[in-house]
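Encoded as structure tokens, the structure appears first; notes follow it.
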Amino acid sequence: MNDSRTTGSAREVLRGWLGDQPSIDSLSDEQAERLHEELRQANRRHAERLRSVAEDSLAHIPALLRPGVRKILGV
């Protein structure tokens with residue numbers, strides 16, 4: 001994930017994620033960095049959880065079909 005929403009300064013990344021919110025400019029550099037890092041970690045946890053749930057859901061699919069379903073789902 002290397003696009004304009006994930007590269008650049010913390011404020012630029014926050015604007016990519018949250019839009020051009022005036023409140024972003026009111027944050028100190030330290031606060032902007034911390035918010036950026038917290039959102040990155042939350043994003044990472046969310047993605048990991050989605051992968052985990054997708055993998056768990058495959059248990060309901062017959063074993064012979066799972067490789068094809070994984071390929072279709074990109075899991």
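Per-residue ellipticity at 222 nm computed for the chain from its helices equals -21000 deg cm²/dmol, with DSSP H segments shorter than 4 residues left out and the rest contributing -39,500 (n - 2.57). What number in nm² do you get for region 10-73 if you take the convex hull of its Cα atoms and divide its surface by four? Mean orientational projected area (region 10-73, Cα hull): 5.5 nm².
Read-outs: derived from the displayed coordinates by stated rules, not from any lab. Treat the numbers as computed from the prediction; the structure is a model and nothing was measured.
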